[in-house]
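The values are calculated or read from the model by the stated rules, or taken from the named source; none is laboratory data. The model shown is predicted, which means the values in this text are computed figures rather than measured ones. For neighbour counting, all protein chains shown are included, and Cβ atoms are generated from backbone atoms with ideal geometry for every residue, glycine included.
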Amino acid sequence: METVEKYGADGYVKSMTKGVSEKERNELANKFGDKIGDKEFIIIVGIYTEQEKIERDKEINSQPVASKSVAQNDEKEYILNVNDRATDFTLKLIDGKQIKLSDLKGKVVLVNFWATWCAPCLMEFYDIPSKIIEPFKKDDFVFLAISSGETQEKVLNKVTKLRKDGINFNYGVDSDKKIWNNYATASIPKNFLIDQNGVIKYVATGNAPDNLDIIAAEIKKLLAK
């Protein structure tokens, strides 16, 4: 990390991505072996070559100040958005039980889409007990962690390890992505906060540093109504 920070301070970091796809992870493991460490927590850092940095600096310095903002990603990430009614679903939990979203009417529900290969998802999980579960354990609040596109066996193996670390909540499996396909596209983790009437009130993608704090604040607002 010291090397990465030095590259960043000198303006050589082109990009930094937390986590990779399962295919990319396996390709890196085959290429670098144990050098990549824990295969679930991979950060890809893109570095400018000397020539690329020179050309980039010239381009930036030649632009008017007003045009130097970072381009926003306009890819459609959500099928359902804020103020949409949440599509009903029946979620099969790891322990065999089932939860139907419509049966949770009257409660605030946070739906989290994740996968066992997703490093940002797992990083987020380690903060969820303290920031989301514990503060609202006595309230009408339900957290549903839905693994998207993976077999129950694969999810169960990961959940067993997570529970040993105290990461224990409602884990469900959406192997055929039937639930996911009604809610979103593109990247994970994704969170959908649903109010007591089944209406989506907040959505978020990724695991930004303050993401769970914002979600917790939104949950508190809904519970106060």
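Things worth noting here:
- Count of region 182-215 residues, restricted to those that are in a helix (DSSP H, G or I) and either among the β-branched types (Val, Ile, Thr) or modelled with pLDDT of 95 or more (or both), is 4.
- Scope region 168-181; condition closer than 23 Å to Lys76 by Cα and either in contact with a Pro (Cβ under 9 Å, 6 or more places away or on another chain) or part of a strand (DSSP E or B) (or both); matching residues: Asp174
- Between Asp210, Asp139, Asp165, the distinction of being under 23 Å from Lys76 (Cα atoms) and among the acidic types (Asp, Glu) belongs to Asp210 only.
- Any hit, region 185-207, residues being surrounded by 16 or more Cβ atoms within 10 Å (Cβ to Cβ), free of Cβ contacts under 8 Å to residues at least 40 places away in the same chain and out of contact with any Ser or Thr (no Cβ under 6 Å at 6 or more places or on another chain): yes
- Pick from region 117-164, criterion touching a Ser or Thr at 6+ places or on another chain (Cβ under 7 Å) and of a type in the set (Val, Ile, Thr), ranking: nearest to Asp176 (Cα to Cα): Thr151
- Cβ-Cβ distances below 7 Å connect the following pairs, each with a first residue in region 97-120 that is at positive phi, a second residue that is of a type in the set (S, T, N, Q), and a separation of six or more residues or different chains: Gly106/Gln196.
- Total residues in region 1-55, condition modelled with pLDDT of 70 or more, assigned to a strand (DSSP E or B), touching a helix residue (DSSP H, G or I) at 6+ places or on another chain (Cβ under 9 Å) and under 30 Å from Ser148 (Cα atoms): 3
- The set of residues in region 134-161 being over 15 Å from Leu93 (Cα atoms) and surrounded by 16 or more Cβ atoms within 10 Å (Cβ to Cβ) consists of Phe136, Phe141.
- Where Glu134 falls short, out of the listed (1) touching a residue at least 12 places away in the same chain (Cβ under 8 Å); (2) more than 17 Å from the chain's Cα centre (by Cα): (1)
- Of Ser147, Ser102, all but one fail to be in a helix (DSSP H, G or I), at pLDDT 95 or above and assigned by TED's automatic domain parsing to the domain that holds Gly198; the exception is Ser102.
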